[in-house]
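Working notes, structure below.
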Amino acid sequence: MNLMHTTEIKSLIDLQVRDKAIDDLARKISSVPLEIQALNDAFEEKKGTMQTAKDTLVKLQVEKKSKELLIAEKEEEIRKHQRDLNMVKDNNAFKALLIEIERAKRDQDDTETAILGLMESVDKAAAEDRRLQQEVKKLEEEKNLRTKDLSANKENMEAALEAAKAARADAAGKISAEIIEKYEFIRAQRKGLAIVHVKEDKTGHISCGGCNMGLTAQKTVDIKTPDALVFCDNCQRMIYLDKTVNGAVV
Ligand SMILES: [Zn+2]
């Protein structure tokens with residue numbers, strides 16, 4: 001693009017600062033729902049863990065209850081066999097009953113041992129269940145507070161964004177239409193960055209602050225010309241040298 005002349009370079013630089021601030025703000029606003037979603041996801045995950053622990057506890061309690069019922073059954077079985085002992089006359093039947101009674105007692109002992117083990121497991125599972133319930137409660141409170149903060153902050157940012165857009169429109173309105181049109185076109189093509197300052201190294205070599213490409217000899221002369229609107233040959237952005245701009249335009 002050929003060299004253009006404008007006294008509006010400072011206004012364009014100011015506009016670029018405003019646009020960047022507006023873009024940043026809009027990005028922050030759009031990230032708020034995602035942050036809130038992440039908080040909800042983490043909370044639901046924790047609730048899932050709590051539910052799993054609760055299920056484990058209930059399962060153990062049911063198992064313990066069924067073993068207790070088994071003991072009562074064996075108790076009843078032993079009593080019945082003992083009543084039968086008094087009625088049988090036959091020696092073999094008598095012996096068979098004694099064997100049955102012994103077997104039932106052994107089953108009872110084994111079941112009692114199993115219940116002791118289960119009691120320990122139930123205690124542990126109950127403690128884990130309580131711990132997770134407290135954690136979930138705490139996490140829910142934190143999540144609600146944080147969500148409230150984020151939402152309030154989002155509203156403030158939205159108000160600030162509206163104000164910034166209005167101020168930007170005013171500022172843009174003071175720049176000539178032709179220049180604004182170029183600025184907007186480049187901004188749309190170049191990820192929101194239309195005008196950038198160039199970088200000058202110790203040897204006087206100048207490169208574009210947008211794409212880092214070195215400037216040609218002609219551009220190096222142009223960029224030192226007051227009020228010259230220079231475009232990068234590589235990325236087409238408007239480029240300027242701080243000391244030219246600040247020395248050239250009051
Ligand atoms: Zn460039």
Query raised in the report: Just a yes or no: is a residue in the range 51-59 among the small types (Gly, Ala, Ser), closer than 30 Å to Glu141 by Cβ and modelled with pLDDT of 95 or more?
Result: yes
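Residue-by-condition table, conditions (1) at positive phi; (2) in a helix (DSSP H, G or I); (3) surrounded by 14 or more Cβ atoms within 10 Å (Cβ to Cβ); (4) not aliphatic (A, V, I, L, M):
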residue: Ala159; (1), (2), (3), (4): no, yes, no, no
residue: Ala169; (1), (2), (3), (4): no, yes, no, no
residue: Glu178; (1), (2), (3), (4): no, yes, no, yes
residue: Glu184; (1), (2), (3), (4): no, yes, yes, yes
residue: Lys202; (1), (2), (3), (4): no, no, no, yes
residue: Gly210; (1), (2), (3), (4): no, no, yes, yes
residue: Cys235; (1), (2), (3), (4): no, no, yes, yes
Query - Residue check, Thr220 closer than 15 Å to Leu12 by Cα and more than 9 Å from the ligand (Cβ to nearest atom) - result: no
Report task. Scan the range 237-250 residue by residue and report those that are within 11 Å of the ligand (Cβ to nearest atom) and in a loop (DSSP other than H, G, I, E, B). Result -> Arg237
**Report entry** Filtered residues of the range 130-156 (kept if within 19 Å of Asp55 (Cβ to Cβ) and in contact (Cβ under 8 Å) with a residue 40 or more places away in the chain)
**Finding:** Leu132, Gln133, Glu135, Val136
Query raised in the report: From the list Glu73, Glu45, Glu77, Glu100, which one is assigned to a helix (DSSP H, G or I), surrounded by fewer than 12 Cβ atoms within 10 Å (Cβ to Cβ) and in the same structural domain as Glu140 (by TED's automatic domain parsing)?
Result: Glu45
Query raised in the report: Is at least one residue of the range 124-143 at positive phi and more than 16 Å from the ligand (Cβ to nearest atom)?
Result: no
Report task. Determine which single condition Gly214 fails, assuming it passes every other condition in (1) within 14 Å of the ligand (Cβ to nearest atom); (2) farther than 25 Å from Lys20 by Cα. Result -> (2)
Query raised in the report: Could you list, in sequence order, the residues of the range 226-247 that are in contact (Cβ under 8 Å) with a residue 60 or more places away in the chain and over 14 Å from Glu200 (Cβ atoms)?
Result: Asp227, Ala228, Leu229, Phe231, Gln236, Met238
Query raised in the report: Take the residues of the range 223-233 that are part of a strand (DSSP E or B) and among the aliphatic types (A, V, I, L, M): which is farthest from the ligand (Cβ to nearest atom)?
Result: Ala228
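The values are calculated or read from the model by the stated rules, or taken from the named source; none is laboratory data. Source: prediction; values computed, not measured. In this analysis, Cβ positions are derived from the backbone assuming ideal geometry, glycine residues included, and neighbour counts consider all displayed protein chains.
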